[in-house]
Structure formats: C-alpha cells, structure tokens
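The values are calculated or read from the model by the stated rules, or taken from the named source; none is laboratory data. Not measured: the values here are computed from a predicted model. Don't worry about glycine lacking a Cβ; one is built from the backbone with ideal geometry, like all the others, and counts go over all protein chains shown.
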Amino acid sequence: MYVSVGQGHRKAALAIQAALKESDTFLKVACLDLLEIWPAWVGGLFIGLYRRLVHFAPRLWNSVYDHRQVREGLNRPLQFLSWISRKRVKLLLEELDPDTVVCTQAIPSILAADCKRSLNLNYSLVAVPTDFRAHRYWIDDQVDLYLLPSEESGTQLVGDGVAIDRVRVTGIPVHPEFSRQLDPLVLKEKYGLSPGDPAVLLMGGGEGTVSLERLILALDGRRARFQIVAISGRNLRQHAHLKRLQPGLFHHFQVFGFIESVDELMVAADIIVTKPGGLTTAEALVKNLPMVLIDPLPGQEELNAEFLERNGVAIQASDDEIAAEIVVDLLKDDNLRRQMVESMENIRKPDAARQAAKYIIKLAPPRRG
C-alpha cells in the first residue's frame, strides 16, 4: 500500500511487486493506492495540505518532519485520519485477506498498524521507507519488519527503540529492470543523442513540479561540449514549453514527458541533475550516475541530499547557475566523476527489491488452503 504523493512510493511498490512475482509466480500481489479508496475530500485535503506546506511554508513542514514532540502533537489528527479511513481500509483488508501488508509510505503503515491493533486483523506488517532516513512516523509496535534504505537509518531506528531483530537494511527498492546491462551508445542513438558527446540528464520529479527552463538556459549558456536531455514528467504544460525552447538552444536538446524507461536514459547520460527524491537518487546509484542535486523539498529531500553528499556521490547546488557550473566542472574532471562512482559502491543497493522480496516471503506464514 502507498499514497501517490509524487511517483516514488508507487515506483517502490511496483518494484517490490515485480521482485515478489519474480521469486514466486504463484504469489498474489496487489499494489494499492489509498487515494483510490479514500473519500475524494480526504485525498484532496491530504494532498493539498502537503503541497501547500512544502511549497509555501517549508520551515513549518521542516519543523513537523521527524520531530518527536510534533509527532506526539499530531497524534490527534492522525487518529482522526485513522477513524475516517478505518471502515474502508478494514473492508479492503478483509476482502483481500492478506498474509502480509507491505507499505512504502508512512500513512498507509500507520493505518495498517491501527487496523491490526484495534480490529484484531491477522497479517504481518512490513514498512519500507523510500528515503535515506526513516522518520519517526514509521515507528509502531505493530510493524513486524522494517526494510531500510541505509545502515544509518538502521542505527537511527534502533536508537529510537525499535528492536534490532525487526530491522533489515535492504536499500530503497528500485525496479529489477535497473539491473539490466545496457549499451550507452545504442541508447544514445535510440533517444536521438550524439554518441560522441556527453549527455546531461535533467529530472524535476515524476509530476514535473520543478521548473527546468532556467536550468536549461543556464546550461546552454556554457560553451562546453555536451548535450542536454530533460524529463518533464506528467507536467504537460512544461513539456510543451520546453519543446518550444528547442530550436533556439546552442546545445543539442531532447525533452521527454513521463516515460517508464528512465533506466535507459540514465545509461545514456554521463551526469544527472535532479531533485533528491529517494527513488530517483537510488536509481542513479544503481546506474553509477554522478549526481548534481537541486531544489530539495524540506524534510526528507534535504536529508537525502545531505546523506548523498556526505557519502561523496553527489554535489548540492543552491541555484541553477551554480548547478550549471558544477556540471561543466564535473565533465572536465574525469577523476572526480570516477571517485563519485567508486564511492557509490559503499551505499548502492542494486538488488534491494529482490532482497525485500526475500524477507517478505520469509516473514509470511505458511500458505493456507
């Protein structure tokens, strides 16, 4: 279960689903977005409040995110959310009668834990955080197993009182297709790129919430030799606008909307400039792609950026002009790019989804019937 705030939680769920089916073709696995079962006004309120907080009151969101006292203060609204969702979630869980519930977002985990505790439903509950730090909203005595993104997050949860035997570090689950070995020259040709020039991949989130125009113009103002590829996500307006930029740019430029073959574009690229979402950066780690990080959301993405920079696999940029300078410097410095790729070996988890599937299957009770 997940809530489709952005695409990361959904992609993690689909990655685990694919790995489970790969492990055992007889398993029945359903991916469920709670927005599809919540009353429309609840989903609208939840998504609207979240987006307004992160965009218009980032300091307030930062104070709410992962703060122990604020978490306790939010118990009442969380209890209200559980109360209005309980009947629908209960009916859903009773109908499906799952052996295991796996949550790739904290709100479904809170609701599944509440149903398990208050309605005496019998299933194993697995929590799978999709950022490099697991915030305290995940912590609940009804969670049987935490599949965590990093050793740091494991140490953190154990320090917050979670029993060590309920913790496994498997990584952020990216789709098994990211493990494919692909030829970058073939993919550059496939996507209309020059095989002889480095490619810089720009991503602004699956929903296309980050405006890429200023970044593209900043990069285009540098006369170094490279080409630019942008993914505008589901933002159709931005996609059309970026297409109109194409004829006037000095550099060769390609723009794509929402596509499923992100792994192929990552192989074709030499550097990625992206907001530090957990799934996108985990995918870049699997593809050994040096990162320049821009426009982090307060809370989880700021912590992701700090983690990745501290581990030597990414560089943060405070604005588009600085990002463009960092890109040019990285393209000139083969040694630095090589060092970043070597550092990725310490934290990348290319088999995360398969490891998650292994632990989920092991946790499940014997088959019934």
Practice task
Would you please list the contacts, defined by Cβ atoms under 7 Å and residues six or more apart or on different chains, that run from a residue in segment 230-252 that is within 21 Å of Val328 (Cα to Cα) to a residue that is among the hydroxyl-bearing types (Ser, Thr, Tyr) and surrounded by 12 or more Cβ atoms within 10 Å (Cβ to Cβ)?
Solution key: His252/Ser194
Handout entry: So Val313, is it in contact with a helix residue (DSSP H, G or I) (Cβ under 9 Å, 6 or more places away or on another chain), touching a residue at least 24 places away in the same chain (Cβ under 8 Å) and farther than 20 Å from Ser211 by Cα
Key = yes
Fill in the blank from the handout: Only one of Trp83, Trp41, Trp61 is surrounded by 12 or more Cβ atoms within 10 Å (Cβ to Cβ) and modelled with pLDDT under 85, namely Trp61
Practice task
Write out, first by first residue and then by second, each pair whose Cβ atoms fall under 6 Å of each other, whose residues are 6+ apart or on separate chains, and whose first residue, in segment 345-365, is surrounded by fewer than 19 Cβ atoms within 10 Å (Cβ to Cβ) while the second is not in a helix (DSSP H, G or I).
Solution key: Gln355/Thr170; Tyr359/Arg168; Leu363/Ser124; Leu363/Leu145; Ala364/Asp99; Ala364/Thr100; Pro365/Asp99
Exercise for the section: Would you point out which residue out of Ala106, Ala127 is touching a residue at least 24 places away in the same chain (Cβ under 8 Å) and closer than 19 Å to Val29 by Cα? Expected result: Ala127
Practice task
Quick one: in segment 143-152, of everything that is buried (at least 18 other Cβ atoms within 10 Å of the Cβ) and in a loop (DSSP other than H, G, I, E, B), which residue is nearest to the chain's Cα centre (by Cα)?
Solution key: Pro149
Fill in the blank from the handout: Reported set for segment 318-343 where residues are touching a Phe, Trp or Tyr at 6+ places or on another chain (Cβ under 7 Å) and among the basic types (Lys, Arg) is none
Handout entry: Unmet criterion (only one of (1) touching a helix residue (DSSP H, G or I) at 6+ places or on another chain (Cβ under 6 Å); (2) surrounded by fewer than 21 Cβ atoms within 10 Å (Cβ to Cβ); (3) of a type outside the set (Phe, Trp, Tyr)) for Thr155
Key = (1)
